[in-house]
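The values are calculated or read from the model by the stated rules, or taken from the named source; none is laboratory data. Fair warning: this is a prediction, and the values are worked out from it, not measured in the lab. Reconstructed Cβ throughout: ideal geometry from the backbone, glycine too, with neighbour counts over all protein chains shown.
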Amino acid sequence: MTAADDARLILARLGVPDTAFSTGGLPCRSPVDGSAGSPVRVHDRSDVDAALSAAAGAFAAWRRVPAPRRGELVRLLGEELRAAKADLAMLVTLEAGKITSEGLGEVQEMIDICDFATGLSRQLYGLTLPSERPGHHMRETWQPLGPVAVISAFNFPVAVWAWNAALALVCGDPVIWKPSEKTPLTALAVHAVAERALARFGDAPDGLLQLLVGGRDVGEALVADPRVALVSATGSTRMGRAVATTVAGRLGRSLLELGGNNAMIVTPSADMDMAVRAIAFSAVGTCGQRCTTLRRLLVHEDVADALIARLASAYSTLPVGDPRAPGTLVGPLIDEDAVKGFEAALAQAVAEGGTVVVGGTRGEGSYVRPAIVRMPAQSAVVRHETFAPILYVLTWRDFDDAVALQNDVPQGLSSCVFTDSVREAEAFLSAWGSDCGIANVNIGPSGAEIGGAFGGEKETGGGRESGSDAWKAYMRRQTQTVNFSADLPLAQGVTFEV
Ligand code: UN1
């Protein structure tokens, strides 16, 4: 059976209606075996308008629902996701090419954020502040914000929606989702699952969760529209720059999670067994297509040769192939363009003085062998994020130079150090250490838990999604002052008698 046939069965089982497909729609080709499924019906600009009207209506009702009750919907969503976990994960595998375990892990991220958001629905706390005026009190309250547009990428086709949607729902905001054109099937499936949660919940307003499958025109219309209170966009720096510019032009709010160029510093005291495992998972996992993928290995020169030799031997036997097969660790790249990007980056690396140590070849379809490339310097290709499994290796002598190298790229998502030295570890985490949104010690840069705030600095866009207090981006902060005295004192001692 082809991957497209498998996907068709799962979509039917999950309750995706036939009306979601139409001839002339978005073509769907599985990277697993190149098989084509039915084209997905696409939306256009007029659908965006209708969706925004519906979202406005939903907002008017949903913001009046007590937050813990809103949390009940997210709890039900988590239950439905648990029930659909195996099917949804397999669909992620078929559509995005993730190995089985990573497909399951992605759905688990959705379940985890639902649990987190359900608890959060009873904790959207503000502050009380002392007023300088007698008989007054001042407080800070978090109010629902309005419709949130979620623009997601192919590489986490469902989890990123969940990080946003679970928080937005408990915060009182409707969600309009524009998934990647490369992964509409998983989005349709998630919406079918969400429909079940909505039905069980009973009285959620129409238009609370909407899906717009479409191209750039749909994304641009959403981003430009002032009825969208928050644009949460995940993807390339190029896309993020366009979104940020448009949203800033209307003085709107955006939350950006863009490219990473994540490094690991390996010091002589590092536990090399652990480092090798962490490097392998974070550099070749998801075929190098996580925004948190390890792309730069910065190794102390005394241990570089030994570490590279161990990695080269691990890479040379990496099981690359059908992501459904047990034992496969590396599935395909998403499409032919991604393979071209992989090959072009390798050619550029060689032109910049790099030496390919292992891998770098392509196989059938969009399968490639992950590459390790030794580079003489942090040249242009190393500073650029290529969304493919290429690990550039650079060496250093002085720990401060390693940190400087780590920070000397335009992106600032994730970073890590492998060391047994408390001094090095703490320096890496200090104010003059890593400049990234995520900094780890003796853990690779990818595979973050949902409980922390997720995102990064510089060209990564500065947004934070998922855990911690990321929910605040989905709410409107209001400073409230109440006078319960029989007098009207003015602040700052101003007098104004009429
Ligand atoms: C992404 O690649 O856009 O930390 C998100 C990780 C995952 C999320 C990655 N939890 O690798």
Original post:
Hey, any hits in the range 477-489 for a residue that's within 16 Å of the ligand (Cβ to nearest atom) and either modelled with pLDDT of 95 or more or not in a strand (DSSP E or B) (or both)?
Top reply: no
**OP:** Could you check, for the range 275-288, whether at least one of its residues is outside the structural domain of Asp408 (by TED's automatic domain parsing), buried (at least 24 other Cβ atoms within 10 Å of the Cβ) and within 16 Å of the ligand (Cβ to nearest atom)?
**Re:** no
Original post:
Looking at (1) closer than 24 Å to Val16 by Cβ; (2) surrounded by fewer than 22 Cβ atoms within 10 Å (Cβ to Cβ), which is the only condition Thr234 fails?
Top reply: (2)
**OP:** Scan Ser121, Ser131 and give me the residue that is surrounded by 24 or more Cβ atoms within 10 Å (Cβ to Cβ), over 27 Å from Gly259 (Cα atoms) and hydroxyl-bearing (Ser, Thr, Tyr).
**Re:** Ser121
**OP:** Among residues belonging to the range 199-218 that are outside any loop (DSSP other than H, G, I, E, B) and charged (D, E, K, R), point out the one that is nearest to the chain's Cα centre (by Cα).
**Re:** Arg216
**OP:** Please verify whether the range 317-337 includes one or more residues that are charged (D, E, K, R), closer than 24 Å to Met272 by Cα and either outside the structural domain of Asn155 (by TED's automatic domain parsing) or modelled with pLDDT of 95 or more (or both).
**Re:** no
Original post:
Quick one: how many residues across the range 149-178 are away from the ligand (no atom under 13 Å from the Cβ) and either within 20 Å of Ala84 (Cβ to Cβ) or in contact with a Ser or Thr (Cβ under 6 Å, 6 or more places away or on another chain) (or both)?
Top reply: 6
Original post:
If you check Arg70 against the conditions, is it more than 19 Å from Val231 (Cα to Cα) and among the basic types (Lys, Arg)?
Top reply: yes
Original post:
Would you call Arg196 outside the structural domain of Ala388 (by TED's automatic domain parsing), within 16 Å of the ligand (Cβ to nearest atom) and not in a loop (DSSP other than H, G, I, E, B)?
Top reply: no
Subject >> Matching residues in the range 334-355 - criterion: being surrounded by fewer than 16 Cβ atoms within 10 Å (Cβ to Cβ) and in contact with a strand residue (DSSP E or B) (Cβ under 6 Å, 6 or more places away or on another chain) >> reply: Thr355
**OP:** Working carefully through the options Leu9, Leu94, find the one that is surrounded by 17 or more Cβ atoms within 10 Å (Cβ to Cβ) and in a helix (DSSP H, G or I).
**Re:** Leu94
Original post:
What are the residue pairs meeting all of these: first residue in the range 148-159, first residue touching a residue at least 40 places away in the same chain (Cβ under 8 Å) and polar (S, T, N, Q), second residue within 12 Å of the ligand (Cβ to nearest atom) and in a strand (DSSP E or B), Cβ atoms under 6 Å, and 6 or more apart or on different chains?
Top reply: Ser152/Thr234
Original post:
Of the conditions (1) surrounded by fewer than 19 Cβ atoms within 10 Å (Cβ to Cβ); (2) away from the ligand (no atom under 16 Å from the Cβ); (3) of a type in the set (Gly, Ala, Ser), Ala402 fails just one. Which one is it?
Top reply: (1)
Original post:
Mind checking which pairs have a first residue in the range 182-197 that is of a type in the set (D, E, K, R) and a second that is part of a helix (DSSP H, G or I), Cβ under 6 Å, 6 or more apart or different chains?
Top reply: Arg196/Glu80
Subject >> Members of the range 97-115 found to be in contact with a strand residue (DSSP E or B) (Cβ under 8 Å, 6 or more places away or on another chain) and surrounded by fewer than 21 Cβ atoms within 10 Å (Cβ to Cβ), listed by number >> reply: none
**OP:** Tell me which of these Lys182 doesn't satisfy, since it passes every other one: (1) of a type in the set (Lys, Arg); (2) within 16 Å of the ligand (Cβ to nearest atom); (3) surrounded by fewer than 23 Cβ atoms within 10 Å (Cβ to Cβ); (4) more than 24 Å from Ile99 (Cα to Cα).
**Re:** (4)
Original post:
Got a number for residues in the range 238-274 being away from the ligand (no atom under 13 Å from the Cβ), assigned to a helix (DSSP H, G or I) and assigned by TED's automatic domain parsing to the domain that holds Glu181?
Top reply: 10
Original post:
Looking at (1) in contact with a Gly (Cβ under 9 Å, 6 or more places away or on another chain); (2) closer than 30 Å to Thr286 by Cβ; (3) part of a helix (DSSP H, G or I), can you tell me which one His43 breaks?
Top reply: (3)
Original post:
Going by the conditions given, is Leu251 aliphatic (A, V, I, L, M), in contact with a helix residue (DSSP H, G or I) (Cβ under 6 Å, 6 or more places away or on another chain) and either surrounded by fewer than 18 Cβ atoms within 10 Å (Cβ to Cβ) or in contact (Cβ under 8 Å) with a residue 40 or more places away in the chain (or both)?
Top reply: no
Original post:
Restricting the search to the range 443-476, which residues are away from the ligand (no atom under 16 Å from the Cβ) and either within 30 Å of Asn262 (Cβ to Cβ) or of a type in the set (A, V, I, L, M) (or both)?
Top reply: Lys458, Asp469, Trp471, Lys472, Ala473, Tyr474, Met475
